[in-house]
Amino acid sequence: MKTKTKDILRIRDLALSFDTEEGEVEALDGVAFSIKNSSVSGLIGETGCGKSVTGLTILGLLDENARIKRGEIIYKRENLLTKKEEELEREIRGKEIAMIFQDPGSSLNPVFTVENQITESIKMYRNAGAKGNKEIAIEQLERVKLPDAANLLKRYPHELSGGMKQRVMIAMMLACNPSLLIADEPTTALDVSIQAQFINVLRELQSDLGTSILYITHDLAVISEICNSVSVMYAGRIVEDLPVETLFNDPIHPYTKKLVYSVPGVKTKLEDLEEIPGSVPRLINPPAGCRFHPRCDKAKAICSQETPNPVSVEPDHCVACHLISDRGGKQ
Ligand SMILES: Nc1ncnc2c1ncn2[C@@H]1O[C@H](COP(=O)(O)OP(=O)(O)OP(=O)(O)O)[C@@H](O)[C@H]1O
Ligand code: SF4
Ligand SMILES: [Mg+2]
């Protein structure tokens, strides 16, 4: 599948809910954003806002109680939401789009060696025979800077550290040469020094191979190190889309501002930190209008009545807030 467009993935008006005994969880409501070819896009927001569900929807890996209500996920000109399960499995997962999950341990099978697992994923897409597959496996492990790769192939997941498991996971993903990598909080299970190494490995791979990355996190420091652009998510909606420099220098949406000014070291000293008042809303019967209005100190009457539409304020900067006039200016 080849594309001439500058976006590798475009999500449009994606709405999804989960049916539960307590009622309908309106997890995603009109989510829209794009990922440019060969770029790193961040998806940030507080816990429960819908980041992982967005990633899982792209790959069709949702729980059974999920219901897609509307929207499109255009990947290289095809709408992934219209693809059958077998098509996603055969054409997309692992081959075109790969995902790294938060807990690397749970993604590796404890009863198989690293060699078994990595060659299994190589075989699926470019079987080069036993000797060739092993060579590719070693090449992939060296690519993610794992020392003594030949020896590592004989080991089981429990013999590896968290950081090593995470790199084995990336090596497995990259063996299939995906065009898009979704990394969902990939550093949360790692200690700080390993996190920094991991980010470096990912950054190098991205610049060497041109893989596009969707980097899901709530860590703004990581965003500042690796992303080109960012989509800010609040309670199942994208509230602002902007280049990473603008996120730190000129955010517009009241929620984005609170996020940026609530993190020490990014924009603010510890003593000047602002807390975001209130708590994340439940998504069963979420607030009407702008879902942030109960926590927003700029809210006006219209905010609790009408959902703000996204407005372009610059070519790469979009904001969904009633403070922005529909002529596209800041107020
Ligand atoms: N199977 C499910 N049934 C009901 N609700 C679900 C289900 N899966 C996810 N949700 C709900 O969907 C919402 C979004 O969840 P999601 O896991 O995407 O959050 P997140 O932004 O990734 O949070 P975190 O930062 O904690 O990982 C949450 O309210 C969550 O409780
Ligand atoms: S739409 Fe209203 S409530 Fe929502 S962020 Fe903007 S000002 Fe605040
Ligand atoms: Mg998550």
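The values are calculated or read from the model by the stated rules, or taken from the named source; none is laboratory data. The model shown is predicted, which means the values in this text are computed figures rather than measured ones. Reconstructed Cβ throughout: ideal geometry from the backbone, glycine too, with neighbour counts over all protein chains shown.
Does segment 203-219 hold any residues that are part of a helix (DSSP H, G or I) and touching a strand residue (DSSP E or B) at 6+ places or on another chain (Cβ under 7 Å), and which are they?
206
Have a look at 296, 303 and point out the one that is modelled with pLDDT of 95 or more and either touching a Pro at 6+ places or on another chain (Cβ under 7 Å) or aliphatic (A, V, I, L, M) (or both).
296
Counting residues that are within 16 Å of ligand 3 (Cβ to nearest atom) and within 14 Å of the chain's Cα centre (by Cα), which strands (runs of 3 or more DSSP E) fully inside segment 1-95 reach at least 3?
Answer list for segment 1-95: 40-44.
Which one of the conditions (1) assigned to a loop (DSSP other than H, G, I, E, B); (2) surrounded by fewer than 16 Cβ atoms within 10 Å (Cβ to Cβ); (3) at pLDDT below 95 does residue 271 fail to meet, given that it meets all the rest?
All conditions are met except number (1).
Of all the helices (runs of 4 or more DSSP H) wholly in segment 110-157, which have at least 1 residues that are acidic (Asp, Glu) and over 27 Å from the mean Cα position of the chain (by Cα)?
By residue number, 114-126, 129-143.
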